[in-house]
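Report on the structure given below.
The values are calculated or read from the model by the stated rules, or taken from the named source; none is laboratory data. What you are looking at is a predicted structure, and each value in this text was computed from that prediction instead of being measured. Cβ coordinates were reconstructed from backbone atoms using ideal geometry, including for glycine residues, and neighbour counts include every protein chain displayed. Calculation scope for accessible area: heavy atoms of the full protein, side chains included, ligands and nucleic acids excluded. Shrake-Rupley method; radii C 1.70, N 1.55, O 1.52, S 1.80 Å.
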Amino acid sequence: MKITKLAKGISLKRPLEGGNEEQLKVVRQVLADVRTQGDVALRTYTERWDGYMPASLRVTKVEIQEAVYALDQQLYQDLAEAAKNIRLYHEQQSRQGYHFDLGDGSWLGQRVTALDAVGLYVPGGTAAYPSSVLMNVIPAQVAGVKRIVIASPAGRNGKIPAGVLVAAQLLGIEEIYKIGGAQAIAALAYGTETIAPVDKITGPGNIFVALAKREVFGEVAIDMIAGPSEIAVLADDTAFPDEIAADLLSQAEHDPLACAILVTTSEQLAKKVAEEVEKQLRTLPRQEVARASIENFGVIYVAETVSDAVEAINSLAPEHLEIMTNNAEAIAEQIRHAGGIFIGRYSSEPVGDYFAGTNHVLPTNSTARFASGLNVDDFVKKSSVVYYSEKTWQDNAPKIARLARMEGLEGHARAVESRGWKKE
């Protein structure tokens, strides 16, 4: 792992894989086909790309129950406890509308209402991501969304991984479809004979899923266009090199484009971490992926002061930030830009990925400068409410009309003047 002195202008931005014209052309064709051909297109693309022809697009209750029986009982309990923690955390985010009086019976307010329907995309096939189910479904449920749909590609055996189905069952989600890729995004956005459309699509996926989400945005809402994962660790000489190395590799193993960065005030720690990363890489099952990430996007920066290190972290605006320093909580107060902040030795990033309760859907590629992780607010909308009494209206109508005419909008002014204050 490269070690270098901290300098101005460091960045974790990476070129996002894919998104070329050929891929975009494929995605647009898929979207158009699903929009016009519905279920027929879904079956055609599922057979072509996923290698099976689903007898039924929708997962049956029998399949869900079989998954529950198949999953290890301890894992079932672990998932249930994680779900409980995630729900507790997100319940703190629940938001109520407000109402305040203006006098004379007039009032202003804001009404908060849940979206009617949301669709969650869960990557699948050979991999299983039950944690994605928990992280996306629970905040939607807390927000009050009534219809929550899951779309996930099955393996060539025509089955969605048991963990994904069990996570859905734990949360009471039964509307699950065995479709993936851009065709799943199209079905959720436009609807088909079998699948009713939703109002918002959330969840990660490959480049075709990401491009499809970008294309349907406007027809429906989306959560974000997520890039490869990243972690930054801020540490001093009180931290343990082997633990930092393990945490850096926990993200590097995600993707060759994943980014793992250490910013430290200790040159000795930097050298030990670099040695540990190489040592641990040799026994990591996903060594090839992690090594590509470390070699291309892994860096250790040595800062002269803690203040310089904090400034660097705020410039990076990482998806995940671990702080392993003396007075870590005080230093955390100085962080302005990070998707998720993990404080102290025992708050390793995977704690948040799976169990603590915070959401693991976080902004990447420095977008934490302006974006937030997935939360309850993503599943509600806010309507402004105005009620003017006749008295308040009479007092303010001339002012409103003058402001309208200042902007050259005579129709607005006349709409104000058409009311009773001008009528004798």
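Look at the stretch 166-184: where a residue is more than 12 Å from Ser152 (Cβ to Cβ) and of a type in the set (A, V, I, L, M, F, W, C) and a partner is open to solvent by 20 Å² or more (accessible area, probe 1.4 Å) and not in a loop (DSSP other than H, G, I, E, B), sitting 6+ places away or on another chain with Cβ atoms under 7 Å, you get Val166/Val68; Val166/Tyr76; Val166/Leu79; Val166/Pro130; Leu170/Leu79; Leu170/Ala80; Leu171/Gln141; Ala182/Phe208.
Do we find a residue being in a loop (DSSP other than H, G, I, E, B), under 17 Å from Leu374 (Cβ atoms) and open to solvent by 10 Å² or more (accessible area, probe 1.4 Å) anywhere in the stretch 151-170? The answer is no, given that none of the residues of the stretch 151-170 is in a loop (DSSP other than H, G, I, E, B), under 17 Å from Leu374 (Cβ atoms) and open to solvent by 10 Å² or more (accessible area, probe 1.4 Å).
Scanning the stretch 48-65 for residues that are among the hydrophobic types (A, V, I, L, M, F, W, C) and either farther than 25 Å from Leu171 by Cβ or open to solvent by 30 Å² or more (accessible area, probe 1.4 Å) (or both) returns Trp49, Met53, Ala55, Val62. Would you confirm whether any residue within the stretch 366-384 is of a type in the set (Val, Ile, Thr), closer than 21 Å to Lys84 by Cα and buried (at least 18 other Cβ atoms within 10 Å of the Cβ)? Yes: one or more hits. In the stretch 396-410, the residues that are over 28 Å from Asp104 (Cα atoms) form no Cβ pair under 7 Å with any partner that is open to solvent by less than 40 Å² (accessible area, probe 1.4 Å), whether six or more places apart or across chains. When Gly344, Gly357, Gly339, Gly352 are screened for being surrounded by fewer than 17 Cβ atoms within 10 Å (Cβ to Cβ) and either under 23 Å from Asn85 (Cβ atoms) or within 16 Å of the chain's Cα centre (by Cα) (or both), only Gly344 passes. Answer with yes or no whether Glu230 is more than 30 Å from Ala330 (Cα to Cα), of a type outside the set (Gly, Ala, Ser) and touching a residue at least 40 places away in the same chain (Cβ under 8 Å). Considered against the rule, which asks whether it is more than 30 Å from Ala330 (Cα to Cα), of a type outside the set (Gly, Ala, Ser) and touching a residue at least 40 places away in the same chain (Cβ under 8 Å), Glu230 comes out as no.
Applying the condition of being open to solvent by 50 Å² or more (accessible area, probe 1.4 Å) and not in a loop (DSSP other than H, G, I, E, B) to the stretch 66-75 and asking which residue is nearest to Tyr129 (Cα to Cα) yields Leu75. Across the stretch 112-141, the qualifying residues are those that are open to solvent by 30 Å² or more (accessible area, probe 1.4 Å) and touching a Lys or Arg at 6+ places or on another chain (Cβ under 7 Å), and the one among them that is farthest from Tyr190 (Cα to Cα) is Val112.
Of everything listed in (1) among the hydrophobic types (A, V, I, L, M, F, W, C); (2) open to solvent by less than 30 Å² (accessible area, probe 1.4 Å); (3) in contact (Cβ under 8 Å) with a residue 40 or more places away in the chain, the single unmet condition for Met224 is (2). Looking only at the stretch 27-47, filter to residues that are hydrophobic (A, V, I, L, M, F, W, C) and either open to solvent by 60 Å² or more (accessible area, probe 1.4 Å) or in contact with a helix residue (DSSP H, G or I) (Cβ under 7 Å, 6 or more places away or on another chain) (or both); which one of those is farthest from Ile207 (Cα to Cα)? Checking each candidate, the answer is Val40.
Only residues that are exposed (fewer than 14 other Cβ atoms within 10 Å of the Cβ) and polar (S, T, N, Q) were counted in the stretch 95-111, giving 1. Among the conditions (1) assigned to a loop (DSSP other than H, G, I, E, B); (2) at pLDDT 95 or above, the only one that Ala128 does not satisfy is (2).
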